[in-house]
Every structure is written in C-alpha cells, then in structure tokens.
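Each remark here refers to the structure printed beneath this line.
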Amino acid sequence: MNSRGVLNIGLFGFGTVGRGLYDVLEETRLKEARIKRICVRDITKERGVKADFTDNPDKIFNDPEINLVVELIDNAEASYHIVRRALEMGIPVVTGNKKMLAYHLEELIAIQREKQVPLLYDASACGSIPVIRNLEEYYDNDLLVSVKGILNGSSNFILSKIFNENMSYPAALKLAQDLGFAESDPSLDIDGFDSLFKLIIITMHAFGRYVSPEKIFVYGISQMSDDDIRFATEKKRRIKLVAHVEKLPDGRMIMSVMPHLISRDKYIYSVEDEFNGVVIKGKFYYKQFMFGRGAGGYPTGSAVLSDIMACHYNYKYEYKKLNAEVVPEYTDDFVFRIYLRYSSQEDLALFNFLKIRESYTSESSSYVVGDVRLSDLCAIKDEIRKRNLFVAAYPED
C-alpha cells in the first residue's frame, strides 16, 4: 500500500484531546505527520505552545499543503460541517466526535465512498482500545453474536470510587470532575448518552446496521442512591454502566445502554477507574476481552495518532457488513430482568412487569426485581429520567 508522503494536518480544536494529540506528536517526533495549523474558537486564549493558530476555518481548507483534517472539537453540529466539507473536497478526515457520528454516520459513509477518501474515527469509541478496526477487520463475518461493555470512562471512574472506596455519589462525581474525567456538565457521561453514541458507531462495524439514537433505550446512573449500592453489595454484585448490542437467534438484534448488576465472574466486573472494557462474543470463539483507558487526553490522543498513521498508509474502513446478504434488523422485542427501586406506587405503575421475582417495600424506599419487555422500557424512557427511581438490568448469571 502506497503512503501519502508527509501528512500536513489541519487540526480543529485544542481542548483536552487536541492538546493530547499535540503532545503525543511532539513526544514521538514522527516524520510522517505534523500539525501545520490549528483552528480554535478563541484565538486570544493562551495555549502554552508555539503553533500556528487561527479562528478562520478557511485558513485550513484553502491551504493546498494541508492534506489531512483532524477534527477534535466538542460541538457536534460544527463538527459535522467541518467533516462534511473536508470529505466533499476530497481531504481525508480523522474525527473523535462520537455524537456527530451517531447522528450523521450514514450520510458521511456515503460521501467518503463517493469521494474515495478515508474517514477514520477509532478514537471516537473507547479511547485507546482499537475496537472499531478490530470489528472491521478481524470480526468480519456472521459468527459475531454480541458486543458488550463499559464504553464511558467517566461514569466507570465514579462507580469504582463508590464500590471500592465507599465514596458517596456526589463526592465521586466531584473527584471525577476535578481530575478532568468528567465535564462540569456531566450529563452526557452519567446519563448514558456518551455510551449510546459509541454503541451506535460500534454496531455499524459489528453488524452493518445503523440505528438512530432515538430508537434505543438509554438510562444512566444519575438517579442511583445508597439503597441501590446497598442492594448490589448484598447480592455480591457491582453496578456498571453497560452498552450492549446482541444478535438474537432469529437474526434480529437488540441494543441498550443501562446500568447492569454485574456478578464477580464477568470480565467487566473488575474494570476499574477511567478504563473501558469490551467483551466480543462469537458463535465458536466464545468471548474475547479488550481493555484500555477510555478517558483522558493522552489515551485518546494516541488513538487519534493511530488513525493518522492509518491515513498515511491510505487505510479506509470497507464497511463490508453493510453489503452482507443479510443485515440484522433492529428490534426491541426482548425481555430483560430488571431491578427497579422506586418511591411511589405511581412510579411502579409505569412499568409493565411480566413477572415479579422479588419485591421489598418500606417507608423510605422499595424495590422490585422482575421481567419487562425492552419495548416497554423504550416507551417510558423519557418519563423515568424525570423521576426519583433507578433501573438496572439484573442478569440471572
């Protein structure tokens, strides 16, 4: 495969990941790639590095020497316009914006196929873990059954502090923010949306099917209480925020993001702090586990650099599963066993339990363990986020 010569990078964004990429490039001193210009929103802000900064995107797009756009901004809408413009100009793109990809992936795949230029985004899912490229290249057949794991390092850091060090939820959240693992507004992380966006991207490469974010059940840990932590501890389990896509025996597939009560014998039980863990399951090779840092500037910056070097060798995702004879249809026709902690009968009445397996009632807090349809959870997902209750999948094994 022929290389592209030196990659002159037009970088958009110089936040945590952008700075991480800059430092990684400085440390590695690669001859194959260099940052030529950096576009930022505020040109007056002191960045602490000697680089060519601009606040005008045209200074990158109109520079004939720039032959790679790396987009690392936190605004999904602006990210979309940058990535689309670059692809339509025939410029290869590396991006880490998982929200933008989750909403625009189908369109961007069509453009990059038409223009025959790479669009790479391994850094958008699981930080330093090369899950996308592995799904694309290694697990490129119909023997794949499921991909399941911890895709958000911020929420996992919080849960680790709670279960390992007996921290309160507010204290663990504040520590995550102080260390830079969680944003000042942590809702994308702790409410499960960051994991949702990554799951959508992973599913495209695992099964060749795009599912829009609105269709998928997503519920996070922001309503978790001491009662829920106590329940998990009594059952010798830990609460983990888990993203999950699985192909059912009938060929359809389910997707969800929600807390799980994880038993000790599961791989992700011991995934701690800001690390991510992904379990890939196949028909004949059973389970394989990938583990690595999922948050922070340097791990994600290193993943971006890996994509940059892939561009250097003209690597492109082939999306072979999109062209498979049979692509799984998404369904929410599936039954979960869940744990529900609730405060009022009105809350309990929202849930259509097919079977009650365990229940407990007290003046302060009550819970039910029982079976519900995924479709019923999807129907009430917006309502339950507003209430003082907590839902977690509770697998039997």
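No lab work stands behind these numbers, since they all come straight from the coordinates. Because the structure is predicted, anything quoted here is derived from the model rather than measured. Using ideal geometry, Cβ is built from the backbone for each residue, glycine included, and neighbour counts are taken over all protein chains shown.
If contacts are Cα pairs under 8 angstrom and at least 6 residues apart, what is the relative contact order of the chain in percent? Please report the intermediate quantities before stating the final value.
Working: 836 pairs, mean separation 76.1, N = 397.
Rounded, it is 19 percent for the chain.
Given a cut-off of 20 Å, name the pairs among LYS283/LYS321; LYS198/LYS321; LYS99/LYS321; LYS115/LYS198 whose C-alpha atoms lie farther apart than that in the structure shown. If you can, show how the numbers build up before the last one.
Details: LYS283/LYS321 17 Å; LYS198/LYS321 18 Å; LYS99/LYS321 22 Å; LYS115/LYS198 25 Å.
Violating the 20 Å limit, Cα to Cα: LYS99/LYS321; LYS115/LYS198.
Pull out a ≥ b ≥ c, the square roots of the eigenvalues of the alpha-carbon gyration tensor of region 334-397, then state rounded if a/c is under 1.5, prolate if not and a/b is larger than b/c, and oblate in the remaining case. If you can, show how the numbers build up before the last one.
On the way: a/c = 1.83, a/b = 1.14, b/c = 1.61.
Because a/c hits 1.5 or more and a/b fails to exceed b/c, region 334-397 counts as oblate.
Grab the DSSP H runs of the chain that are 4 residues or longer, score each as -39,500 (n - 2.57), total them, divide by all residues and round the 222 nm result to the nearest 500 deg cm²/dmol.
Details: 13 runs with 138 residues, N = 397.
-10500 deg cm²/dmol, from helical runs alone.
Return the aspartates and glutamates within reach of LYS59: Cα separation strictly under 16 angstrom, same-chain partners fewer than 8 residues apart disregarded; answer none if there are no such residues.
Filter leaves ASP42, GLU71.
Using the crude model of +1 on Lys and Arg Cβ and -1 on Asp and Glu Cβ, and no other charge, please compute the dipole size for region 334-397 relative to its Cα centre, in debye to 20.
Numbers: 9 positive and 10 negative charges, 27 e Å.
Using only the charged Cβ atoms, the result is roughly 120 debye.
Between the alpha-carbon centers of region 345-379 and region 88-166, tell me the distance in whole angstrom.
Value for the Cα centre distance between the two parts: 34 Å.
Among TYR219, ALA176, PRO249, whose Cα sits farthest toward the positive end of the charge dipole of region 158-258 (+1 at Cβ of Lys/Arg, -1 at Cβ of Asp/Glu, about the Cα centre)?
PRO249
What's the local net charge at GLY153, with K and R +1, D and E -1, over the other residues with C-beta under 10 Å away? Spell out each step's value before the answer.
Working: positive: ARG293; negative: ASP189, ASP194, ASP273, GLU274.
Charge balance near GLY153 sits at -3.
From the list [x] 25, 53, 21, 1; [y] 28, 55, 17, 1; [z] 27, 60, 13, 0, can you say which value of P(r) over Cα pairs in 20 Å bins from 0, in percent was derived from the structure given?
Label of the calculated value: [y].
If you place +1 on the Cβ of every Lys and Arg and -1 on the Cβ of every Asp and Glu, how big does the dipole about the Cα centre of the chain come out, in debye to the nearest 20? Please list the in-between numbers first.
Values: 51 positive and 57 negative charges, 144 e Å.
With only Lys, Arg, Asp and Glu charged at Cβ, the dipole is about 700 debye.
In the neighborhood of THR361, defined by Cβ-to-Cβ distances under 14 Å, what is the net charge if each Lys or Arg adds +1 and each Asp or Glu adds -1? Don't skip to the answer; put the middle values down first.
Values: positive: ARG341; negative: ASP227, ASP347, GLU358, GLU363.
So the environment of THR361 carries a net charge of -3.
Below 13 Å, Cα to Cα, which aspartates and glutamates can LYS240 reach? Residues fewer than 8 away in the same chain don't count.
Here the aspartates and glutamates satisfying the reach criterion relative to LYS240 are ASP189, ASP191, ASP228, GLU272, ASP273, GLU274.
Between 0 and 90 degrees, rounded to the nearest ten: what's the tilt of helix 169-178 against the longest Cα principal axis of the chain?
Value to nearest ten degrees: 10.
Loop-only check: which GluC sites (Glu not before Pro) in region 292-397 are DSSP coil with at most 15 other Cβ within 10 angstrom? Walk me through the intermediate numbers first.
Working: sites: GLU318, GLU325, GLU329, GLU346, GLU358, GLU363, GLU383, GLU396; in loops: GLU318, GLU325, GLU329, GLU363, GLU396.
Answer by residue number: GLU318, GLU325, GLU329, GLU363, GLU396.
For the chain, what is the percent of antiparallel DSSP beta bridges, rounded to the nearest 5? Could the numbers behind the result be given before it?
On the way: 46 of 67 bridges.
Percent antiparallel among DSSP bridges in the chain is about 70.
Rounded, prolate or oblate, given the Cα gyration tensor of region 66-118, with a/c below 1.5 counting as rounded? Spell out each step's value before the answer.
Working: a/c = 2.07, a/b = 1.26, b/c = 1.65.
Oblate shape, in that a/c is at least 1.5 and b/c is the bigger or equal ratio.
If Lys and Arg each add +1 and Asp and Glu each add -1, what is the summed charge of the other residues whose beta carbon sits under 14 Å from the beta carbon of GLN177? Don't jump to the answer; show the numbers that get you there.
Values: positive: LYS161, LYS174; negative: ASP178, GLU183, ASP185, ASP189, GLU274.
Charge balance near GLN177 sits at -3.
Can you work out the FRET efficiency for the pair GLN177 and ARG357, with r the C-beta to C-beta distance and R0 = 35 Å, to the nearest 0.05? All intermediate terms of the calculation are to be shown ahead of the outcome.
On the way: r = 37 Å, r/R0 = 1.07.
Calculated transfer efficiency: 0.40.
For region 44-77, state which trypsin sites (Lys or Arg not before Pro) are in a DSSP loop and have at most 12 other beta carbons lying within 10 Å of their beta carbon.
On the way: sites: LYS45, ARG47, LYS50, LYS59; in loops: LYS45, ARG47, LYS50.
Counting only loop positions with at most 12 other Cβ atoms within 10 Å, the trypsin sites (Lys or Arg not before Pro) in region 44-77 are LYS45, LYS50.
Which of VAL131, ASN388, TYR285 sits farthest toward the positive end of the charge dipole of the chain, with +1 on the Cβ of Lys and Arg and -1 on the Cβ of Asp and Glu?
TYR285
Among the lysines, which have Cα under 29 Å from the Cα of LYS235 when same-chain residues fewer than 8 positions away are ignored?
Answer for LYS235, where 29 Å is the Cα cut-off: LYS148, LYS161, LYS174, LYS247, LYS266, LYS281, LYS287, LYS355, LYS381, LYS386, listed by chain and number.
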